[in-house]
Amino acid sequence: MEHSYEFSRAITRKPSASIVDGLRAADIGTPDLAQMLKDHAHYVVTLRETGADVVELPALEDFPDGVFVEDTALCLPEGAILMRPGAASRMGEVAQMAPALRGFYDQVLAVETGFIEGGDILTTAKEILVGRSARTDAQGVAELTKLVAPWGYSVREVFTPEGVLHFKTDCSLLDAETILATKRLDASGCFEGYRVIHTADGEEAAANAIRYNQFVIMAAGFPKTAQRLRDAGFEVRQVNNTECAKLDGGMSCLSLRF
Ligand code: CIR
């Protein structure tokens, strides 16, 4: 697990017109499909710039949140684990993702009880952190722990702050020992033993970034945090995220990386 940010593939899914009905904690406006398609295309191009082989699955009209593929599975080098989303409207997205994963992996396992979404899972070089949240419960965490143990992974249960959708809404892995996190999440003490770079005050939404090979890919519009990352030696790429942000989505949500 030394190379938890080095990947060769990614799976994405095109946004559908039904995105206007996507789940959101607060109504801050209707996402604009044309803008989202543009941003999504830029996201895919940026992933390809890292050398990634990127699959673009077709849009799913029946699943307004289907573009947020990260929540459907956890991809590890040894195999993939299908999730059990805590949002009822998203449960069916898992079956839509399974065939694509079976095309890449010999082992595709599934969480069968409880609830867990990929957005609550942060895989680091030494462990898998899973944040309990409104979408992920103790049973889901226990199931995942059992499934990945034979592959040598240890799971540590942590807690997503109240009112925050997913654990990774507030953090990202930057390298083997470094995490980008909001101050509010770091204050919970869950990153003891890691080096933590905080998002700048007022730029909490920058925390959901991805390290993919040589780049940290982050949402555009957070200049102070972007500068902090550059100062720490990371090569930053920015992608507009205004439309996904209306549905509480960010950079990690838009792909499965392996
Ligand atoms: C949802 O509420 O499920 C979607 N609107 C957003 C999902 C974001 N996914 C993620 O953070 N992994």
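Bear in mind these aren't lab numbers, they're just calculated from the coordinates by the rules spelled out. Please read these numbers as outputs of a predicted model, since none were measured by experiment. With ideal geometry, Cβ positions are generated from the backbone for all residues, glycine too; neighbour counts draw on all protein chains shown.
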The number of residues in segment 153-178 that are touching a residue at least 40 places away in the same chain (Cβ under 8 Å) and either over 22 Å from Val216 (Cβ atoms) or within 16 Å of the ligand (Cβ to nearest atom) (or both) is 11
Answer yes if at least one residue in segment 167-175 is farther than 16 Å from Ala73 by Cβ, touching a Lys or Arg at 6+ places or on another chain (Cβ under 6 Å) and of a type in the set (A, V, I, L, M, F, W, C), and no otherwise.
yes
If you scan segment 117-140, which residues turn out to be surrounded by 24 or more Cβ atoms within 10 Å (Cβ to Cβ) and among the hydrophobic types (A, V, I, L, M, F, W, C)?
Ile121, Leu122, Val130
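For (1) crowded, with 19+ Cβ neighbours inside 10 Å; (2) under 18 Å from Phe68 (Cα atoms); (3) of a type in the set (A, V, I, L, M, F, W, C), each residue gets a yes or a no:
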| residue | (1), (2), (3) |
| --- | --- |
| Glu177 | no, no, no |
| Ala181 | yes, no, yes |
| Gly189 | no, no, no |
| Gly202 | no, no, no |
| Asn213 | no, no, no |
| Val216 | yes, no, yes |
| Arg228 | yes, no, no |
| Ala245 | no, yes, yes |
| Cys253 | yes, yes, yes |
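State the number of residues belonging to segment 99-128 that are away from the ligand (no atom under 13 Å from the Cβ) and out of contact with any Gly (no Cβ under 8 Å at 6 or more places or on another chain). Outline the logic, then answer.
Of all residues in segment 99-128, those away from the ligand (no atom under 13 Å from the Cβ) come to 99-114, 123-128.
If we keep only those that are out of contact with any Gly (no Cβ under 8 Å at 6 or more places or on another chain) too, we end up with 99-104, 110, 112, 123-128.
Looking only at that region, the number is 14.
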Output yes when any residue across segment 129-141 is touching a Gly at 6+ places or on another chain (Cβ under 8 Å), away from the ligand (no atom under 16 Å from the Cβ) and not hydrophobic (A, V, I, L, M, F, W, C), and no when none is.
yes
What is the residue count in segment 7-34 for residues that are over 13 Å from Leu247 (Cα atoms) and surrounded by fewer than 14 Cβ atoms within 10 Å (Cβ to Cβ)?
3
Does segment 219-227 contain at least one residue that is within 16 Å of the ligand (Cβ to nearest atom) and either within 19 Å of the chain's Cα centre (by Cα) or among the hydrophobic types (A, V, I, L, M, F, W, C) (or both)?
yes
Are any of the residues in segment 243-253 away from the ligand (no atom under 16 Å from the Cβ) and not in a strand (DSSP E or B)?
no
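Of the residues Glu112, Glu78, Glu127, Glu70, only one is among the acidic types (Asp, Glu) and under 30 Å from Asn240 (Cβ atoms); which?
Details: Glu112 fails: under 30 Å from Asn240 (Cβ atoms); Glu78 fails: under 30 Å from Asn240 (Cβ atoms); Glu127 fails: under 30 Å from Asn240 (Cβ atoms).
Going through Glu112, Glu78, Glu127, Glu70 in turn, just one is among the acidic types (Asp, Glu) and under 30 Å from Asn240 (Cβ atoms): Glu70.
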Quick check on segment 53-95: of everything there that is in a strand (DSSP E or B) and under 16 Å from His166 (Cβ atoms), which residue is farthest from the ligand (Cβ to nearest atom)?
Arg84
